[in-house]
1. Is it the case that region 8-24 has a residue that's over 17 Å from Leu134 (Cα atoms) and open to solvent by 50 Å² or more (accessible area, probe 1.4 Å)?
2. Do we have any residue at all in region 94-105 that's small (Gly, Ala, Ser) and more than 16 Å from the ligand (Cβ to nearest atom)?
3. Within region 25-63, track down each residue that is open to solvent by less than 20 Å² (accessible area, probe 1.4 Å), outside any strand (DSSP E or B) and not β-branched (Val, Ile, Thr).
4. Exactly one of these conditions fails for Asn91: (1) closer than 22 Å to Ile146 by Cα; (2) free of Cβ contacts under 8 Å to residues at least 24 places away in the same chain; (3) open to solvent by 50 Å² or more (accessible area, probe 1.4 Å); (4) of a type in the set (S, T, N, Q). Give me its number.
5. Of everything in region 108-152 that's of a type in the set (Asp, Glu) and not in a helix (DSSP H, G or I), which residue is farthest from Cys12 (Cα to Cα)?
6. Give the residues of region 11-63 that are touching a residue at least 60 places away in the same chain (Cβ under 8 Å) and of a type in the set (S, T, N, Q), sorted by residue number.
7. State all residues of region 120-146 that are buried (at least 16 other Cβ atoms within 10 Å of the Cβ) and either away from the ligand (no atom under 16 Å from the Cβ) or more than 23 Å from Cys56 (Cα to Cα) (or both); if no residue qualifies, say none.
Amino acid sequence: MKVVFICLGNICRSPMAEGILKKMAVDNGLNWQIESRGTNKLHTGERPHKTSQKVCIENNIDITKQKAIDFSIEDLLTFDKIYVLANDVLNDIKKVCNENYLLSKIEFLSNEIYPNQQLDIFDPWYGTEKDYYLVFEEIQKCCQEIINKYKK
Ligand code: 4NP
């Protein structure tokens with residue numbers, strides 16, 4: 001299965017999601033392709049935020065080698081599962097894509113634990129260090145649901 005997580009900057013939330021699900025997939029013997037993207041193009045090529053790196057390292061997840069990649073419409077074709085982290089991210093995608101069959105592939109990551117609610121995963125970029133820990137835990141719960149649902 002090919003999975004992509006999309007947030008705004010691809011430096012805070014989606015890099016953590018990528019790292020968390022990659023580790024869970026490996027731990028479960030699943031040969032999945034897992035990547036992440038950002039829609040706002042403000043941090044292209046940058047490493048994940050220092051605090052995202054720190055929270056991940058404390059959980060034995062190394063995201064230090066990731067680099068922010070811009071979302072492109074092709075991603076909607078390439079990946080089987082496309083998770084947006086928040087509503088503003090989906091709105092950004094809708095600005096560049098109006099193909100309903102592609103948009104219908106997109107899911108909210110938060111729906112894995114709060115079905116049908118389309119809730120945002122809080123953006124820690126606008127928060128405190130503690131928010132990175134809370135966001136990590138929430139993303140971890142969502143990723144566990146993905147593993148439970150799709151592992152054979
Ligand atoms: P992310 O957080 O979408 O979780 O990577 C953000 C990082 C940077 C900005 C916004 C959100 N920014 O506007 O620079």
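The values are calculated or read from the model by the stated rules, or taken from the named source; none is laboratory data. Only a predicted model underlies this, so the values are computations on that prediction, with no experimental measurement involved. Cβ sites come from the backbone with ideal geometry, for glycine too, and all protein chains shown count toward neighbours. In case anyone asks, the SASA skips ligands and DNA or RNA and just uses the protein heavy atoms, side chains included. Shrake-Rupley method; radii C 1.70, N 1.55, O 1.52, S 1.80 Å.
1. Within region 8-24, one or more residues are over 17 Å from Leu134 (Cα atoms) and open to solvent by 50 Å² or more (accessible area, probe 1.4 Å).
2. yes
3. Matches in region 25-63: Ala25, Pro48, Ser52, Cys56.
4. Result: Asn91 passes all but (1).
5. Among them, the one singled out is Asp120.
6. Ser14, Asn28, Thr51, Ser52, Asn59
7. Result: Ile146, single match.
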